[in-house]
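The values are calculated or read from the model by the stated rules, or taken from the named source; none is laboratory data. What you are looking at is a predicted structure, and each value in this text was computed from that prediction instead of being measured. Cβ: placed from backbone, ideal geometry, glycine included. Neighbour counts: every protein chain shown.
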Amino acid sequence: MNVLLKTTGKISFIFIIFLASALSQNKYHSYDEMTKAINTAVSSHKDIAKVKSIAQTYQKRDIWAITLGGKEADSTHAVLIVGGIEADHLIGSELTLHFLNFLLDNYGKVDSITQLVNSTTFYIIPRVNPDASEAFFQKPLYARTFNTRAIDDDKDGKIDEDGYEDLNNDGLITMMRVKDNRGEWIPHPDDPRIMKKADPSKGEQGLYKLFSEGIDNDKDEQWNEDELGGVDFNRSFPYNYQFFSRGAGPHQLSEPETHAVADFCFAHPNITIVFTYSSNDNLMNPWKKEQRQGPPMPSNPTFRRGGPDEDQGPRLINSVMDNDEEYFTYISKEYQDITKLKSAPQSTKGEGSFNEWAYYHYGRWSFAANPWWMPEVETKKDTTSADTSKNKKLDLPKPPGMPFGGPGETKPDEYGDQLKAVKWLDANKISDGFVKWTKVKHPDFPDNEVEVGGFEPFVTTNPPADSIDVLAAKQNKFLVWLSTKLPKISIRNIKVEPIDDKVFRLTADITNTGYLPTNSAIGDKVRWPRNVKLTLNLSKDQSLASGKAKPILDPIKGSGSQQELTWLIVSKSGATVTLTAESPMTGKVSQTVTLK
Ligand SMILES: [Ca+2]
Ligand SMILES: [Ca+2]
Ligand SMILES: [Ca+2]
Ligand SMILES: [Ca+2]
């Protein structure tokens, strides 16, 4: 059976102290189980939660979106939490469910959570690619990332013609090695379970060809090059989209599921933070400002949207904006303090990824967390948390039968992570995390020795089920902290000065008492997120001698920063005016002022 569905009974004793949900939810949910779990949770908290389907997959599964909030849900500022955008990252999907249950269980019981839910809307989309995630619960097991759209991956005129086969009948799709002195691969000298590319400069001579497990069904001398599907949703969003690349689909947002997620975002302008569970992490590896690329902005300032004072650099924005960088740095530091995670794998730049789109195009604060990676075995201490030395991303070798990349590309000289992974499996006595190389008969290689073996699917990216509660407690704690950092405005220091008996000077500060600015620098630039709009409501017999009645304010930094505004109002003495400040991301505040 799938090793991840079992519990090892070793891991759950240390961290279950903080704010854990009442019941353990240590399991991976299939689509049907997840649907049931969501409906059960929501139907027992109808006052604050509702669920709807935002799209259906090709295989008629629903993409569920849960709204959670107090009486003013949808009109307060919001956090969007997304799981399963990478279909084989089941752990992320599970953690969104944990957070949902955590908020529901504590609402009305823990004051800080009740207040948070009453003042902030949470949108949760637990599993964006259920058709592909379902592979986790099916046989033969393989780490599927594509949805079910029929695509000719190798452009040979045939669609989905060469998928995997379970040659050793163990219910798993792993790797196969074929003894062949023209092959480039050898067993690693440090651990012969791991295959490495022979390095001729070290006198190493290739002994094997290496493929993913299966048969060349269409006899084109490529193995498993055109599996079922499809589109990888974390390659399908418009920012840094790679046309014609494997998994990217026919065009950006070509799939009902991804299109629905983008539509959901634009239909909810109150979304201020987008939080994604993804290997495309930027909380352990915070985004850094980089040199911009591309042609410069036009030299004639009249062609520039923002006029001459907008930044003058090259047009392409390929890294975090200057004024946003410090917030990513600070929040990632807090994430590491709260979760106690260390030594994460390096994160690569996305290519059509959801979380980068959420920042660069949608213009929101976008944070992505990879909650688990295989730790390095150093001592006999706690093995549930991250290791203590710097890892590289754990990549499996690129099987030569998969010419376009596919599960596990790696640089040929980097095998340290795989060596660590087998050590970790050994230390935790997870004997079936790695399939021992065993001989099989293979119709494509009747004269060669062929063996099947390698890491079990999912085992390097998803933790054993009995560590989910522990991981959830850490992530929930951070998510609550993060959700209290949204911008929040108030009107302060209102002053009325009579100039004469008919003219009054009104002065007021619009103050941001939250942590995050009222808009990010990227948000101000892409202009989807709205800045704070101020409205000075006058009656018919009042007029403005100076100042705007409906100014749009530039972003106001947080932690009590303010913007002062002044008006000269022609009015009867003793009459009133009303001042309103609002944006979907900050909420709405009003003050009525008497002029005298
Ligand atoms: Ca083919
Ligand atoms: Ca094909
Ligand atoms: Ca197998
Ligand atoms: Ca083939």
**Message:** Need a quick list: strands (runs of 3 or more DSSP E) entirely within the range 136-228 having at least 3 residues that are within 16 Å of ligand 1 (Cβ to nearest atom) and surrounded by fewer than 21 Cβ atoms within 10 Å (Cβ to Cβ).
**Reply:** none
**Asked** Just checking, how many residues over the range 131-169 are out of contact with any Gly (no Cβ under 8 Å at 6 or more places or on another chain), away from ligand 4 (no atom under 16 Å from the Cβ) and among the aliphatic types (A, V, I, L, M)?
**Response** 2
**Item:** Meets criteria (at pLDDT below 95 and out of contact with any His (no Cβ under 7 Å at 6 or more places or on another chain)) for residue 24
**Value:** yes
**Prompt:** If you check residue 162 against the conditions, is it of a type in the set (D, E, K, R) and within 15 Å of ligand 3 (Cβ to nearest atom)?
**Reply:** no
**Message:** Just to be sure before I move on: is residue 129 under 25 Å from the mean Cα position of the chain (by Cα), outside the structural domain of residue 45 (by TED's automatic domain parsing), surrounded by 17 or more Cβ atoms within 10 Å (Cβ to Cβ) and of a type outside the set (A, V, I, L, M) in the structure I sent?
**Reply:** no
**Message:** As an exercise: evaluate residue 510 against (1) at pLDDT 95 or above; (2) surrounded by fewer than 23 Cβ atoms within 10 Å (Cβ to Cβ); (3) of a type in the set (A, V, I, L, M) and give the number of the one condition it does not meet.
**Reply:** (2)
**Item:** Candidates 507, 535, filtered to the one that is touching a residue at least 12 places away in the same chain (Cβ under 8 Å), assigned to a strand (DSSP E or B), within 23 Å of residue 76 (Cβ to Cβ) and touching a Lys or Arg at 6+ places or on another chain (Cβ under 6 Å)
**Value:** 535
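Yes or no, residue by residue, for (1) of a type in the set (Val, Ile, Thr); (2) at pLDDT below 95; (3) outside the structural domain of residue 246 (by TED's automatic domain parsing); (4) in contact with a Pro (Cβ under 7 Å, 6 or more places away or on another chain):
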{"position": "411", "(1), (2), (3), (4)": "no, yes, yes, no"}
{"position": "418", "(1), (2), (3), (4)": "no, yes, yes, no"}
{"position": "435", "(1), (2), (3), (4)": "yes, no, yes, no"}
{"position": "448", "(1), (2), (3), (4)": "no, no, yes, no"}
{"position": "494", "(1), (2), (3), (4)": "yes, no, yes, no"}
**Message:** Quick check on the range 517-532. Is at least one of its residues part of a strand (DSSP E or B) and not assigned by TED's automatic domain parsing to the domain that holds residue 238?
**Reply:** no
**Asked** Which of the residues that make up the range 154-175 are more than 16 Å from ligand 2 (Cβ to nearest atom) and among the hydroxyl-bearing types (Ser, Thr, Tyr)?
**Response** 174
**Request:** Answer yes or no: is there a residue in the range 51-61 that is touching a helix residue (DSSP H, G or I) at 6+ places or on another chain (Cβ under 8 Å), hydroxyl-bearing (Ser, Thr, Tyr) and buried (at least 21 other Cβ atoms within 10 Å of the Cβ).
**Result:** yes
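Here's the yes/no breakdown for (1) within 25 Å of residue 115 (Cβ to Cβ); (2) of a type in the set (Phe, Trp, Tyr); (3) out of contact with any Asp or Glu (no Cβ under 7 Å at 6 or more places or on another chain):
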{"position": "41", "(1), (2), (3)": "yes, no, yes"}
{"position": "50", "(1), (2), (3)": "yes, no, yes"}
{"position": "57", "(1), (2), (3)": "no, no, no"}
{"position": "64", "(1), (2), (3)": "no, yes, yes"}
**Residue in the range 498-508 that is closer than 30 Å to residue 315 by Cβ and out of contact with any helix residue (DSSP H, G or I) (no Cβ under 8 Å at 6 or more places or on another chain) present** = no
**Request:** Please give the number of the condition residue 428 fails out of (1) out of contact with any strand residue (DSSP E or B) (no Cβ under 7 Å at 6 or more places or on another chain); (2) buried (at least 20 other Cβ atoms within 10 Å of the Cβ).
**Result:** (2)
**Fill in**
Apart from one, (1) at pLDDT 95 or above; (2) closer than 28 Å to residue 318 by Cα all hold for residue 581; the odd one out is (2)
**Fill in**
Of the residues in the range 218-232, those that are away from ligand 3 (no atom under 16 Å from the Cβ) and either hydroxyl-bearing (Ser, Thr, Tyr) or touching a residue at least 12 places away in the same chain (Cβ under 8 Å) (or both) number 10
**Complete:** All conditions in (1) crowded, with 24+ Cβ neighbours inside 10 Å; (2) part of a loop (DSSP other than H, G, I, E, B) are true of residue 108 except (1)
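Listed here are the residues, each with its yes/no results for (1) under 30 Å from residue 472 (Cβ atoms); (2) within 16 Å of ligand 2 (Cβ to nearest atom); (3) in contact with a Cys (Cβ under 8 Å, 6 or more places away or on another chain).
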site	(1), (2), (3)
206	no, no, no
212	no, yes, no
225	no, yes, no
235	yes, no, no
240	no, no, no
245	no, yes, no
254	no, no, no
270	yes, no, no
283	yes, no, no
**Prompt:** From the list 138, 115, which one is among the polar types (S, T, N, Q), within 16 Å of ligand 3 (Cβ to nearest atom) and at negative phi?
**Reply:** 138
**Request:** Could you tell me whether residue 207 is away from ligand 3 (no atom under 16 Å from the Cβ), over 32 Å from the mean Cα position of the chain (by Cα) and not assigned by TED's automatic domain parsing to the domain that holds residue 53?
**Result:** yes
**Asked** Which pairs have Cβ atoms under 9 Å, sit 6 or more apart or on different chains, and link a residue in the range 143-171 that is at positive phi and in contact (Cβ under 8 Å) with a residue 24 or more places away in the chain to one that is assigned to a loop (DSSP other than H, G, I, E, B) and away from ligand 2 (no atom under 16 Å from the Cβ)?
**Response** 171/1; 171/2; 171/139; 171/140
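Conditions (1) modelled with pLDDT of 95 or more; (2) in contact with a Gly (Cβ under 9 Å, 6 or more places away or on another chain); (3) more than 16 Å from ligand 4 (Cβ to nearest atom); (4) not aromatic (Phe, Trp, Tyr), marked per residue:
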residue: 175; (1), (2), (3), (4): yes, yes, yes, yes
residue: 178; (1), (2), (3), (4): yes, no, no, yes
residue: 202; (1), (2), (3), (4): no, no, yes, yes
residue: 231; (1), (2), (3), (4): yes, yes, yes, yes
residue: 242; (1), (2), (3), (4): yes, yes, yes, yes
residue: 245; (1), (2), (3), (4): no, yes, yes, yes
residue: 261; (1), (2), (3), (4): yes, no, yes, yes
residue: 266; (1), (2), (3), (4): yes, no, yes, no
**Asked** When residues of the range 165-194 are filtered for being under 28 Å from residue 138 (Cα atoms) and either away from ligand 3 (no atom under 16 Å from the Cβ) or not assigned by TED's automatic domain parsing to the domain that holds residue 447 (or both), how many remain?
**Response** 1
**residue 218 being touching an Asp or Glu at 6+ places or on another chain (Cβ under 9 Å), farther than 23 Å from residue 135 by Cα and within 16 Å of ligand 2 (Cβ to nearest atom)** = yes
